[in-house]
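Novice: Handing you this structure, nothing more for now.
The values are calculated or read from the model by the stated rules, or taken from the named source; none is laboratory data. Remember, predicted model here, so these are calculated numbers, not experimental data. Methodologically, a virtual Cβ is constructed for each residue, glycine included, from the backbone with ideal geometry; neighbour enumeration extends over all protein chains shown.
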Amino acid sequence: MWSCDGTANQGWYFTSGGEIENAGDQLCISAGSTDASSLANYTPVYMEPCASGNSQAESFDFMSLAGGYTALANADSIPFFGYTVLSSLGNSSNGAPVEWYAWDGSNNQQWAT
């Protein structure tokens, strides 16, 4: 996690294969070796080379929230959110890790887009 600065490495888009890719380094959001349907609280969010697979492709989606915020959720559980990305223990400092955690509506699971 890093403060917004408008650089390409903070931009994201969906690839034709359904992965969520970083515009700066072409790495994709991943659950690592964990199948996206088997996420658990505090599972780290990984950035890995894009490749089709259950840990990346078509496993995650963005959900719009009130107030212009967004949640990145496990697509298997939409519209019920299931697991979403959060800032670790509410830590919003630069370099803080982000993790998957069961949706509870807390502010550290909501992201400005």
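Novice: List every residue pair whose Cβ atoms lie under 8 Å apart, where the two residues are 6 or more positions apart in sequence or sit on different chains, the first residue falls within segment 8-22 and is farther than 16 Å from Glu48 by Cβ, and the second residue, located anywhere, is in a loop (DSSP other than H, G, I, E, B) and aromatic (Phe, Trp, Tyr).
Specialist: Gln10/Trp2
Novice: Is it the case that segment 72-80 has a residue that's farther than 19 Å from Ser16 by Cα, β-branched (Val, Ile, Thr) and either at pLDDT 75 or above or out of contact with any strand residue (DSSP E or B) (no Cβ under 8 Å at 6 or more places or on another chain) (or both)?
Specialist: No, that holds for no residue.
Novice: When the residues of segment 13-29 are filtered to those that are modelled with pLDDT of 80 or more and touching a Ser or Thr at 6+ places or on another chain (Cβ under 7 Å), which remaining residue is nearest to Glu99 (Cα to Cα)?
Specialist: Among them, the one singled out is Glu21.
Novice: Output the number of the condition that Gly90 fails; it satisfies all remaining conditions of (1) over 17 Å from Ile29 (Cβ atoms); (2) at pLDDT 70 or above; (3) small (Gly, Ala, Ser).
Specialist: (2)
Novice: Moving on. What about Gly6, is it among the small types (Gly, Ala, Ser), over 11 Å from the mean Cα position of the chain (by Cα) and either part of a loop (DSSP other than H, G, I, E, B) or modelled with pLDDT under 75 (or both)?
Specialist: It is true that Gly6 is among the small types (Gly, Ala, Ser), over 11 Å from the mean Cα position of the chain (by Cα) and either part of a loop (DSSP other than H, G, I, E, B) or modelled with pLDDT under 75 (or both).
Novice: Please work out which residue is modelled with the highest pLDDT, limiting yourself to segment 49-71 and to residues that are small (Gly, Ala, Ser) and buried (at least 17 other Cβ atoms within 10 Å of the Cβ).
Specialist: Ala71
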